[in-house]
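Derivation of every value follows stated rules applied to the coordinates shown; laboratory data play no part. Keep in mind the model is a prediction, meaning the values are calculated, not measured.
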């Protein structure tokens, strides 16, 4: 086994099976053309997260994401976009980073910021929609 392969496997041991599954085969990853709502945040960790929402009234019909982050960011966004489908904007806005972490059966402490970034990006998309229903991002914030 190469040194690189061992390093990847050692790093993955600290991730739950759900994190590995979501990051290896993410759901809803990709841009959405003409979303009803969009949020983008550049995290202090260097990762960028985008969330796109398609709505039916105030219900989330479809949610997708893009990120340049790695396993934990991908897993958090994949789980979140599956979770919010069918929820109202109000219900989705109540999701906490802890909910995402729990749904993934935990995250290493050093990766908890990925759940915060994902949830904050969702909240920004919802806020942008409430501010005027814009299909374009309002700006790129750094958290």
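One chain, two ends: residue 105 and residue 29. Fully extended at 0.36 nm per residue, the span grows by 25.3 nm beyond their Cα-Cα distance. Working note: Cα gyration tensor of the range 17-143, eigenvalues times five, square-rooted, sorted largest first, giving semi-axes of 22, 15, 13 Å.
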